[in-house]
1. Give the range 153-181 a look and list any residue that's in contact with a strand residue (DSSP E or B) (Cβ under 9 Å, 6 or more places away or on another chain), free of Cβ contacts under 8 Å to residues at least 40 places away in the same chain and in a helix (DSSP H, G or I), or say none.
2. Kindly indicate the residue of the range 98-114 that is touching a residue at least 12 places away in the same chain (Cβ under 8 Å) and in a loop (DSSP other than H, G, I, E, B) and also surrounded by the most Cβ atoms within 10 Å (Cβ to Cβ) among those meeting that condition.
3. Looking for whichever is surrounded by fewer than 18 Cβ atoms within 10 Å (Cβ to Cβ), more than 15 Å from the chain's Cα centre (by Cα) and either free of Cβ contacts under 8 Å to residues at least 40 places away in the same chain or in a strand (DSSP E or B) (or both) here; the options are 117, 150. Which one fits?
4. State which residue is modelled with the lowest pLDDT when the search covers only the range 28-75 and only residues that are assigned to a strand (DSSP E or B) and out of contact with any helix residue (DSSP H, G or I) (no Cβ under 8 Å at 6 or more places or on another chain).
5. Which count do you get for residues in the range 86-97 that are part of a strand (DSSP E or B) and either at pLDDT below 95 or within 20 Å of residue 49 (Cβ to Cβ) (or both)?
């Protein structure tokens, strides 16, 4: 009888002990480079690097790297989910969910080729109210930048392709993976 009581108490106490603050939401600041890399990799994999020539002080025909602002949610949910707002050319400004895996690799949610419709989570900010977008950018996000280089090296593009293949299971440039469309 004592054994059953001890097992009952153990079953009751262990889940409570397992709920430590470290399992709650966490700060995203250390993940900013990984979020930037996920965005850059996807853009290179989709061959969109040439679409940023008129964004962020780059004028038409300019082949210099573009520095694009992004706003990353200050907190990452316990399940590893966060949000980033950035200009995803040619679609426009997007409110996009992402997931951080156990290794710290970020996978962006939503399929860019779907053009981010107003349903399904990740969407263009045009489908949000101005207040929602401003509140997120001003109060709930860290501002940083990612870089898109229209003349990225072959090595940089190859690394992006391989990371995309690892992240999502497919690469548009490589035409590999079961999810390739």
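1. Passing the criteria: 162, 165.
2. Here is the first cut: in the range 98-114, the residues touching a residue at least 12 places away in the same chain (Cβ under 8 Å) are 98-101, 104-110, 112-113.
So of that shortlist, the ones also in a loop (DSSP other than H, G, I, E, B) come out as 101, 104-105, 109-110.
Working: 101: 12, 104: 11, 105: 14, 109: 14, 110: 19.
Only one residue tops the list, namely 110.
3. Working: 150 fails: either free of Cβ contacts under 8 Å to residues at least 40 places away in the same chain or in a strand (DSSP E or B) (or both).
Checking each option against the conditions leaves just 117.
4. Applying the first criterion (assigned to a strand (DSSP E or B)) to the range 28-75 yields 66-73, 75.
Filter once more, so that each one left must be out of contact with any helix residue (DSSP H, G or I) (no Cβ under 8 Å at 6 or more places or on another chain): 67, 69, 75.
On the way: 67: 91, 69: 95, 75: 97.
Among residues in the range 28-75 that are assigned to a strand (DSSP E or B) and out of contact with any helix residue (DSSP H, G or I) (no Cβ under 8 Å at 6 or more places or on another chain), the one modelled with the lowest pLDDT is 67.
5. Of the range 86-97, the ones part of a strand (DSSP E or B) are 86-88, 92-97.
Add one more test, that the residue is either at pLDDT below 95 or within 20 Å of residue 49 (Cβ to Cβ) (or both), and what stays is 86-88, 92-94, 96.
Looking only at that region, the number is 7.
The values are calculated or read from the model by the stated rules, or taken from the named source; none is laboratory data. A quick note: this is a predicted structure, and the numbers were derived from the prediction, not measured. Note: ideal-geometry Cβ built from the backbone for every residue, glycine included; neighbour counts use all protein chains shown.
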